[in-house]
Amino acid sequence: MNATCVAERGCICEHTEELESLALKAVRMADGLEQSVKKLIVGANQNLGDMELEVERQSREFQRTATQNAAQAKADLTPPVCPVCQRPLSRVSAGHERTFESRFGAIRIGRQRGYCKRCKKWRFPADHAWGLEESAGYSPRVQEMAALLASKMPVEEASVVMEHLTGVKMPRATLDREAKRQGERARRLRDQMDEPAGQSSGQAAQPEMVLEPYQMIIQLDAWNIRERDGWGQSERMRVRGQEPERWHWVYMGTCFRLNQRGKTAGGRAVISERGFVATRTGIDALRQQLHAEARRRGLGQAAGALVIADGAAWILAFG
């Protein structure tokens, strides 16, 4: 069936042939899996792990095709509107392809491009609909995995673990960049969340009213972490007389209310609710984040606040 695309109202394409090929692939995959399972069952040296790997291998292409078809259908239904200012785009043209790495392999999508006269930029509305950053070559799911692994282990190890567990190949420098991109996005979301909580007016969200007075506890600390910045730029930085930094201070605070205490079945005291904030961007950022978190947890209604910390110089300046 021929596809009919109307640029003024968005590209509405019917991919009947692709959907039919997907259905045929599903049949062939099911038949292949059945034959493979029969061989694995009678295999003397093959266990459940071998079966899992074979099922994953044979179903991966089907999952990749299904993801690609779904992404293409969503792109076809995305109207040519600027995702930033919501104004209609001009000079719209279709067929601009983009390839990016998904959880199941590389997929290639065609989408529309248009010019936003207000923003004075070329826009790809489908990229926003997919949840892709302008410079990201990986799907949101892959970006999420990269950020999670990089937060739990060194980047060198995270790259190896990601490929082993998911089959997604991501170089160390790329994984580090994607993880930091997600961290920056999380920081922006945190700032948006903290903005109303930091207001002194009645616009800030207040916790539930408490009749009995309570004490707010605030704890502060900091430590050094080793995190490599500027992948691939060390030599150029040294030529410019800048020594690459590897060690960075992380400032952290936690707050809770003393009336939100309890005990486990064994009698150990626990705090039922507690808020945490952490930042590498300095004392001022910690002060802003911790104040907003404490307000969300009832600082404005507390009978008093007790700050617990060591005698570090930065804590004395924290104020």
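Values in this text are rule-based calculations from the coordinates and carry no lab data. Quick caveat: nothing in here was measured; it's all calculated off a predicted structure. Don't worry about glycine lacking a Cβ; one is built from the backbone with ideal geometry, like all the others, and counts go over all protein chains shown.
Scanning segment 34-73 for residues that are touching a strand residue (DSSP E or B) at 6+ places or on another chain (Cβ under 8 Å) and of a type in the set (A, V, I, L, M) turns up just one, Ala71. For the condition under 23 Å from the mean Cα position of the chain (by Cα) and either farther than 30 Å from Glu163 by Cα or hydrophobic (A, V, I, L, M, F, W, C) (or both), Ala94 does not qualify.
Scanning segment 304-319 for residues that are surrounded by 12 or more Cβ atoms within 10 Å (Cβ to Cβ) and either over 35 Å from the mean Cα position of the chain (by Cα) or not in a strand (DSSP E or B) (or both) returns Ala309, Ala312, Trp314, Ile315, Phe318.
Restricting segment 114-128 to residues that are touching a Leu at 6+ places or on another chain (Cβ under 8 Å) and crowded, with 18+ Cβ neighbours inside 10 Å, the residue that is nearest to Gly167 (Cα to Cα) is Pro125. How about segment 95-111: which of its residues are surrounded by 19 or more Cβ atoms within 10 Å (Cβ to Cβ) and either closer than 11 Å to Pro125 by Cβ or among the aliphatic types (A, V, I, L, M) (or both)? Result: Ile107, Ile109, Arg111.
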